[in-house]
Amino acid sequence: MIGLTHYLVISAALFSLGIMCVLTRKNAVSVLMGIELILNSANLNLVAFSRFTSGNLDGQVFAVFTIIVAAAEVAVALAIVLSMYRMLRSVNLDRADTLKG
Amino acid sequence: MDPKIIADLHKFYPEIVITGTFLLVIVADLVFGRLRRAVTFALTVLGLAAAFALTLPLFAAAPGTMFSDMVALDPMALFFKAFLILASLLVVLAAPGSRELSGSGLGEFYALLLGVTLGMILLASSTDLLMLFLSLEMVSVGSYIMVGYLRNDRQSNEASLKYLLFGAVSTGVMLYGITLLFGITGSTKLIVVRHALAGAATPGENSLILLVSTLFILAGLGFKIAAVPFHFWCPDVYTGAPTPVTAFLSVAPKAAGFAILVRFFFTGLSQAGQGLTWITFASINWMPIVMVLSIVTMTFGNIAALRQENMKRLLAYSSIAHAGYILMGAVVLTSDGLQAVLVYLITYLFMNLGAFMIVIEIYNRTGSFELKDYRGFYRRSPFLSVSMSVFLLSLMGIPPLAGFFGKLYVFAAAVNRDLAWFAVIGALNSVVAVYYYARVMKTMVIDGGDETSPVHASWDSTALIWVMLIPTVGLMLFWDQVQKITSGSVGLFLGN
Amino acid sequence: MNANLVSQILFYFFAVLTVGSAAVVVFSRSLIYSIFGLLFTFFGVAALYVFLGADFLAATQMVIYVGGVLVLLLFGVMLTHKLYNLDLKTETFQFVPALLLIVAVFGVLLLAMTRATWFSGGVRPPEPTTAEIGKMFMREYILPFEVASVFLLVALIGAAMIVRRRAQ
């Protein structure tokens, strides 16, 4: 029987892959994709918990809000990337080094 | 409509006013042609002032939650509402005179600032994890855009991209932690979370998942207050952003982050113990972990600031260090500690904003943020140099300036909780900090400079600097009031 | 073949699709492959939502993520590279330590999740959710709902302002 744990394993895998993507990629759009993976993994958690543990739709409503936030974030992110591309003619994060950490 | 919602709306006036101003500013920016700058500025100032005025009567209202336990209305929430609106108002007053922002239209700036302010006051009063996440994101996304406001400036663009990527990852991780907490407790309301954790029959087996989930949530909150190791975005973003935005970020979202951190730990993860202390649930002992965080943060911030040559970067590391001191007050889990946090934040608001105002004005007149261009500034503008020295002395924590009281309260709270060694580390850190603050003072006052042309600060900047100076110097005189306000604001609505 | 077995097979198919596509997103050398991997990940997650009985959410996921976010990302990739050079390589750094870290994180998560006792508020049988969610938006979740609309407006203004060309 497919149970809660199955979904949690999938979401943990997505989360880990998302973190991996964020850590190892230099292209800004790739990092954004990693962020989307993380947010999707959290959403999967929410819906799975909503179905199996909480007995109401709170998790699903939360997931809708997460989708809203993620979409807005990506829109702003791409606006900044585009603006930066015009400045720098590249979105390689290594080139974004005029500010020394 | 549900009558309870309508009743709650009557206690929601500050938020409604800010939202209304936000919408009006957008429309005004589109409608008015040449009068745009003046009209949007006036609208924003009036709106924020009105919201501030509407917050004050709410102190008399009975504490409780609103909108189905989404936000709380308690003294602490109201304190932060007033604080954050005031901080936003001060930054708005500094914006039109700023040389960095003079090339761009300011209508969107005010609109974004209002949106971020709305997010901050909701964040400071959130009692539900969904509301926490949503308002945190609202503050963050608005901040990302404000940091990148100078579209043609490379540093500004870079800073905003770095801020966004780092911030989005932190809040994504935080969200994952929130979902785990939701799975364990079945609800997103902090009050229910607390009940579920307190009543857990066998806390042992849940301890790992609780640790993981709270660490993840701490990642998001730590990012907002720029605590180590979530501080990596801070120096670059502070340096690249237009300085009024930097000033804003260093005070307001940081304070909002502290508000929700305190609320999360006190109402979500602890319960009232004997006397005035809180105790965390047996499964996880949070105090040592967050104490280490506080120590690492203040130490790193101070040490990194020692060799900075750029004023904005120096103040960025200085603000990281101050976050460490403020954490000290939150960590000790007592009412004293909470009061210390509030006191420190009040003093920090004025002294940090004051220092930034001067940096802004010096840039307006000379076009530089580098310390080497501050040499011999005393000859060029005694007013700016002396007021900067006052703010720096206050940041150092020298009595009788305001900063001293902030540190005093925080260290006292630690000592009262039998954590004298913690206070000693804080004191040692303050001593280290003296070096870099004093270095700026020495550069301005004692060193000889090549440029000797006099610098006259504009009247509006001068007025604003006086507005920051008076509380910094004179807070001691009003200490009774400050005491009363902060101890009265410590009340957190704990639910039943 | 009984329905139970079929649904199990389908579940595993979508699970593998989701995680596999995510792996493509992370490890692929070409940015375009990553984006299409992301497309299939979103699609797989939507399918999993259907398995969990979240019909409204599955539709929203498809419309917003695939139809919005993914298209935006694709535009972002396309507009920020020279179009005649379709070999969109990206560099990776510190690969092996990151891999070890991720395996550790995944392991800890699995351990924590299998040990934990989850809240037991009852299993919710699958039934249409749209009406219920709509009602909740207007009752318990009205504040976040309204705040979300202000938030979207902030993001909209901000994004438009950043991308706008220099001429006022």
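Which one is nearest to A:Tyr7 (Cα to Cα) among residues in the stretch C:103-113 that are more than 7 Å from every other protein chain (Cβ to nearest Cβ) and surrounded by 12 or more Cβ atoms within 10 Å (Cβ to Cβ)?
So, considering only residues that are more than 7 Å from every other protein chain (Cβ to nearest Cβ) and surrounded by 12 or more Cβ atoms within 10 Å (Cβ to Cβ), the one nearest to A:Tyr7 (Cα to Cα) is C:Gly107.
Looking at C:Val50, C:Val63, C:Val69, can you tell me which residue is buried (at least 20 other Cβ atoms within 10 Å of the Cβ), modelled with pLDDT of 85 or more and part of a helix (DSSP H, G or I)?
The unique qualifying residue is C:Val69.
Go through B:Leu180, B:Leu175 for me and flag whichever is within 13 Å of chain C (Cβ to nearest Cβ), modelled with pLDDT of 90 or more and surrounded by 24 or more Cβ atoms within 10 Å (Cβ to Cβ).
The unique qualifying residue is B:Leu180.
Only one of these is surrounded by fewer than 23 Cβ atoms within 10 Å (Cβ to Cβ), touching a strand residue (DSSP E or B) at 6+ places or on another chain (Cβ under 9 Å) and not acidic (Asp, Glu): B:Ser389, B:Ser381, B:Ser335, B:Ser368. Name it.
B:Ser335
Checking B:Val228 against (1) outside any helix (DSSP H, G or I); (2) modelled with pLDDT of 90 or more: exactly one of these is not met. Which one?
Result: B:Val228 fails condition (2) only.
Just for the stretch B:441-466: of the residues that are in a helix (DSSP H, G or I) and touching a Leu at 6+ places or on another chain (Cβ under 7 Å), which one is farthest from B:Ile358 (Cα to Cα)?
B:Thr443
What about A:Leu23, is it at pLDDT 85 or above and surrounded by fewer than 23 Cβ atoms within 10 Å (Cβ to Cβ)?
Yes; evaluated as a whole, the condition is true for this residue.
For residues that are at the interface with chain C (Cβ under 7 Å from one of its Cβ atoms) and not in a helix (DSSP H, G or I), scanning just the stretch A:57-101, find the one that is modelled with the highest pLDDT.
A:Leu57
So C:Tyr84 fits all but one of (1) at pLDDT below 80; (2) buried (at least 16 other Cβ atoms within 10 Å of the Cβ); (3) hydroxyl-bearing (Ser, Thr, Tyr); what number is the exception?
Among (1) at pLDDT below 80; (2) buried (at least 16 other Cβ atoms within 10 Å of the Cβ); (3) hydroxyl-bearing (Ser, Thr, Tyr), C:Tyr84 violates only (2).
Whether any residue in the stretch B:313-331 is surrounded by fewer than 20 Cβ atoms within 10 Å (Cβ to Cβ) and part of a helix (DSSP H, G or I) is what I want to check.
no
Name the residues in the stretch B:232-245 that are surrounded by 24 or more Cβ atoms within 10 Å (Cβ to Cβ) and either polar (S, T, N, Q) or not in a helix (DSSP H, G or I) (or both), would you?
Those that are surrounded by 24 or more Cβ atoms within 10 Å (Cβ to Cβ) and either polar (S, T, N, Q) or not in a helix (DSSP H, G or I) (or both): B:Thr239, B:Ala241, B:Pro242, B:Thr243.
The values are calculated or read from the model by the stated rules, or taken from the named source; none is laboratory data. Owing to the predicted nature of the structure, the values given are computational and were not obtained by experimental measurement. Glycine gets a Cβ as well: all are built from the backbone with ideal geometry, and neighbour counts include every protein chain shown.
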